[in-house]
Amino acid sequence: MRRTGIVLSGGGARGIAHLGVLQALEQKGMRPVALAGTSAGALVAALYAAGSSPEEIKGLFHDTAYFGLSHHLIGGPGLFNMSKMRTALEKHLGFKTFEELPLRLFVAATNLTAGTVEIISTGPLVEPLMASACVPAVFEPVVYRGCEWVDGGVMDNFPVDPLVSRCDYIVGSHVNRQSEWTIPAGSEHKSQILERCFHLAIARSVYEKAAKCHLFLDHPGLARFRLFDTGRADELFRLGYDYCLSNLP
């Protein structure tokens, strides 16, 4: 039997498109034995590995402000802390460690203290997930194993490597496709420039790793969605679903 692995990039709310991919793969009878993810992709992968359906996970992102934009920290190292995300993860995962999950899971997170990226697949589950999704300058760093951690996408936004030796067929879903960009106007102009620069900086490593996938989904049309645009979850889900179905063999 073919061992399928799925790798999911970071991308904030655009990561909801990953759920459409998972739904399409299920419809075609393609169930993974292992998943790897960064940031939003790590959250999606963890909840799916824990047994939640793509539709159920979409509801969490849409209805519970899953990215945890609450509790302003004036003058702190980030704009927001992650207490709401911790509460949601503890409530909905149903498992406390990687080893308990029904499917194998690999999560990329950036160790800010050591200046390294680490792929975490053992031990406590919630802290690595929070670390992987800790967007720099938006959330305060997560303290874990005596170090400060931030978003895995800073150093590895497409953690396909742990799946290469474990899977016969790898599906990659990337939601930060590099397309032409129209300079935005208005009060959010600076934040959009920073977001654009970040994605350009990490794009090369993502596309180099894409060659390790048997099916690489570089989703078009997602650039118009902002980092925390979870209110458009249904639209993002449908785009991911349709694009995956149209590209499956």
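For segment 158-174, a residue qualifies if it is closer than 20 Å to His219 by Cα, out of contact with any Cys (no Cβ under 8 Å at 6 or more places or on another chain) and open to solvent by less than 10 Å² (accessible area, probe 1.4 Å), and the qualifying residues are Phe158, Pro159, His174. Residues in segment 138-172 that are among the aliphatic types (A, V, I, L, M), at pLDDT below 95 and in a loop (DSSP other than H, G, I, E, B): Val138, Met155.
Here segment 202-234 is the region considered, the condition is being part of a helix (DSSP H, G or I) and either open to solvent by 70 Å² or more (accessible area, probe 1.4 Å) or in contact with a Ser or Thr (Cβ under 6 Å, 6 or more places away or on another chain) (or both), and the residue that is farthest from Arg166 (Cα to Cα) is Arg232.
Within segment 89-134, the set of residues being among the basic types (Lys, Arg) and in contact (Cβ under 8 Å) with a residue 24 or more places away in the chain comprises Lys96, Arg104. Of the residues making up segment 105-140, those that are open to solvent by 30 Å² or more (accessible area, probe 1.4 Å) and out of contact with any Ser or Thr (no Cβ under 7 Å at 6 or more places or on another chain) are Leu112, Thr113, Ala114, Gly115, Thr116, Glu118, Ile119, Thr122, Glu127, Pro136, Ala137, Glu140. With respect to Gly11, determine if the residue is in contact (Cβ under 8 Å) with a residue 24 or more places away in the chain, under 23 Å from Asp168 (Cα atoms) and either surrounded by 23 or more Cβ atoms within 10 Å (Cβ to Cβ) or over 10 Å from the mean Cα position of the chain (by Cα) (or both). For Gly11, the condition - in contact (Cβ under 8 Å) with a residue 24 or more places away in the chain, under 23 Å from Asp168 (Cα atoms) and either surrounded by 23 or more Cβ atoms within 10 Å (Cβ to Cβ) or over 10 Å from the mean Cα position of the chain (by Cα) (or both) - is not met. All of (1) at pLDDT 95 or above; (2) open to solvent by 30 Å² or more (accessible area, probe 1.4 Å) hold for His92 with one exception: (1). Would you call Pro102 in a helix (DSSP H, G or I), modelled with pLDDT of 95 or more and not charged (D, E, K, R)? Judged against the criteria, Pro102 is not a match.
The values are calculated or read from the model by the stated rules, or taken from the named source; none is laboratory data. These numbers come from a predicted model, not from an experiment. Heads up, the Cβs are rebuilt from the backbone with ideal geometry, glycines too, and the neighbour counts pull from every protein chain shown. Note: accessible area is taken over every heavy atom of the protein model, side chains too, but ligands, DNA and RNA are not part of it. Shrake-Rupley method; radii C 1.70, N 1.55, O 1.52, S 1.80 Å.
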